[in-house]
Amino acid sequence: MPTAQLKDVHLQYEFSGPDRAPVLVLANSLGTSLAMWNPQLPELSRSFRILRYDMRGHGQSEVTPGPYTIPQLASDVLRLLDALGIDKVDFCGLSMSGMIGMQLALESPNRLRRIIVCNTAPKLGTPAAWNTRIQTVQTSGMKSVADAVIERWFTPEFRASAPAAVESTRQMLLHTPSEGYAASCAAVRDMDATSTISSIRVPTLIIHGKRDPVTAADDGQRMAAAILGAQLVNLPAAHLSNIEAAAPFTMAVAKFLQA
């Protein structure tokens, strides 16, 4: 799998789909890797050139010293596109990478055609909760938070009915470097775009999980009301809706991008 050497980090990336098709970036969430998007590849790679990458501190990308910031992670995306000679893309991000999508839309809208932001919000959690998680991971490693994270990521029904998918996701989490995870937790902790997302003018799709314990029930509605022309889709899923509700998630993304 190829690696792009940027100024201060190397990022692993992968292309799928037709060479001449429009590029769709799929960015991984906190504690996963580019493999989280495997359910979407068969359908979306028919019409798009899919660019997946492991975020800084995740998967096979380099772990650089933290803490990270959302603007820094958004800059990684732009520099990756520059290194690959890509001017404009559609961008889809979930949770933390949904925040990256918002940051890109606010600061570099000229590089985007459309964005899909999933299971996210302009602000997630409290500083105290993120600081506790950072300290736990730094002290005791990824195993110390894995069970609690998986419970937030998937509903009890999905955990019971799809053990292979849940275990595969758990392994992504466990293999995330603890230093990269903690540094990325700080990026989420410090992000608050509540007062600025109304400035987004890039066409936006918001996907929300009806049973997501990470984002509030009305986060999606508030975002849709704040962003001019934004569309909102609610799915019967918890936090990783692209895995738990893979088929309707993929259908919603394809419909929005091909409209």
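Computed from the coordinates by the stated procedures, all read-outs in this text should not be read as laboratory data. Not measured: the values here are computed from a predicted model. Cβ placement follows ideal geometry from the backbone for every residue including glycine, while neighbour counts extend to all protein chains displayed.
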Quiz item: Label-point separation (nm) for ALA146 and THR64, each offset 7 Å from Cα along Cα-to-Cβ?
Solution: 2.9
Quiz item: Amide H to amide H, which residues 5 or more places from VAL89 or on other chains are under 5 Å from it, using H placed in the peptide plane?
Solution: LEU112, ARG113
Quiz item: How large is ³J(HN,Hα), in whole Hz, for each residue of the range 72-83 in order, when computed from phi with the Karplus curve 6.51 cos²θ - 1.76 cosθ + 1.60 and θ = phi - 60°, using x for Gly and Pro?
Solution: 5, 5, 5, 4, 4, 4, 4, 5, 5, 4, 4, 5
Practice problem: Would you list, by chain and number, the lysines whose Cα falls below 24 Å from the Cα of LYS255, excluding same-chain residues fewer than 8 positions away? | Solution: LYS88, LYS210
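Multiply the residue separation of ASP190 and THR3 by 0.36 nm, subtract the distance between their alpha-carbon atoms, and state the gained length in nm to one decimal.
On the way: separation 187, 0.36 × 187 = 67.32 nm, distance 2.84 nm.
Separation in residues times 0.36 nm, less the Cα-Cα distance, equals 64.5 nm.
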Quiz item: Which distance in nm do the two modelled labels at GLU43 and ARG113 give, with both placed 7 Å along the Cα-to-Cβ direction?
Solution: 1.8
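How much length is gained on full extension from LYS123 to SER168, taking 0.36 nm per residue of separation minus their Cα-Cα distance?
Numbers: separation 45, 0.36 × 45 = 16.20 nm, distance 2.80 nm.
So the chain would gain 13.4 nm between LYS123 and SER168.
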Exercise. Among MET96, THR132, ALA148, flag the residue with its Cα farthest along the positive direction of the charge dipole of the chain, charges on Cβ as +1 for Lys/Arg and -1 for Asp/Glu.
Key: MET96
Exercise. Apply 1/(1 + (r/R0)^6) to the Cβ-Cβ distance of LEU84 and SER198, taking R0 = 45 Å, and write down the FRET efficiency to the nearest 0.05.
Key: 0.90
Self-check item: Residue-by-residue Karplus 3J(HN,Hα) for the range 126-131, coefficients 6.51, -1.76, 1.60, Hz, glycine and proline x
Solution: 10, x, 4, 5, 5, 5
Practice problem: Treat every Asp and Glu Cβ in the chain as -1 and every Lys and Arg Cβ as +1, leave all other atoms uncharged, and give the resulting dipole magnitude about the Cα centre to the nearest 20 debye. | Solution: 420
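Fewest to most neighbouring Cβ within 10 Å: what's the order for LYS7, LYS143?
Least to most surrounded, the residues fall as LYS7, LYS143.
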Self-check item: Spin-label pair MET251/GLU157, simplified geometry with 7 Å Cα→Cβ offset, distance in nm
Solution: 1.6
Exercise. Consider the candidate values (1) 110; (2) 153; (3) 182; state which one is volume of the Cα convex hull per residue in Å³ computed from the structure displayed.
Key: (1)
Quiz item: In terms of modelled amide H atoms, which long-range or inter-chain residues lie less than 5 Å from the amide H of THR64?
Solution: GLY57
Quiz item: Can you list the residues, at least 5 places off or on another chain, whose amide H is less than 5 Å from the amide H of LEU232, using H built in the peptide plane?
Solution: ILE206
Practice problem: In whole Hz, with x marking every Gly and Pro, tabulate ³J(HN,Hα) for the range 253-259 from phi via Karplus 6.51 cos²θ - 1.76 cosθ + 1.60, θ = phi - 60°. | Solution: 5, 4, 4, 5, 6, 9, 5
